[in-house]
Amino acid sequence: MADNARAKKLADLIREVVAEKLQRGIKDPRLGTHVTITDTRVTGDLREATVFYTVYGDDEERASAAAGLESAKGILRSAVGRAAGTSSPRR
């Protein structure tokens, strides 16, 4: 049970850090205000996280946002690693 609580706490932290970074720290026009972080899940061993998001718009906007997120992955990993007090998580 403690592991589940720790995984949930880390997932919440990751969701907050990623959302904040997308809103204020990444200057990629593809990510604009159309991307919303909807959920984050962390594996039981806390080694991997999956961030779920939604994009308001058409297929072209969704594809553009996906490319922007892929491009920003390293920055987001670093921000999460700093916030969690660990080295950059891998995924």
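A few comments on the model shown:
- Centre separation in Å (Cα based) which lies between the range 59-76 and the range 3-49: 14
- Degrees between helix 59-84 axis and first principal axis of the chain (Cα, 0 to 90, nearest 10): 30
- Seen against the Cα atoms of the chain and their longest principal axis, helix 2-20 is set at about 30 degrees.
- Among the listed options (i) 17; (ii) 26; (iii) 21, the one matching percent of Cα pairs over 22 Å apart as calculated from these coordinates is (ii).
- Think of each Lys and Arg Cβ as +1 and each Asp and Glu Cβ as -1; about the Cα centre, that makes the dipole of the range 1-74 roughly 340 debye.
- Here the relative contact order of the range 1-69, from alpha carbon pairs under 8 Å that lie six or more residues apart, stands at 32 percent.
- Pair A83, Y56: separation of 7 Å Cα→Cβ label points (nm): 2.1
- 25 Å Cα-Cα reach of K9 towards lysines, excluding residues that sit fewer than 8 places from it in its own chain: K21, K73
- Each stretch of four or more DSSP H residues adds -39500 (n - 2.57); spread over every residue of the chain, this sum gives -17500 deg cm²/dmol at 222 nm.
- Lys/Arg +1, Asp/Glu -1 at C-beta; the range 1-68 dipole; positive extreme among V51, P29, G68: V51
- Long-range HN-HN contacts of T40 with modeled amide H, under 5 Å: F52
- Per residue, the accessible area of the range 1-49 comes to 72 Å² when a 1.4 Å probe rolls over the protein heavy atoms.
The values are calculated or read from the model by the stated rules, or taken from the named source; none is laboratory data. This one's a predicted model, so the numbers in the text were calculated from it and none came from an experiment. Please note: Cβ atoms are built from the backbone with ideal geometry, for glycine as well, and neighbour counts cover all protein chains shown. The protein model used for the area step is the full one, side chains on, heavy atoms only, and it has no ligands, DNA or RNA in it. Shrake-Rupley method; radii C 1.70, N 1.55, O 1.52, S 1.80 Å.
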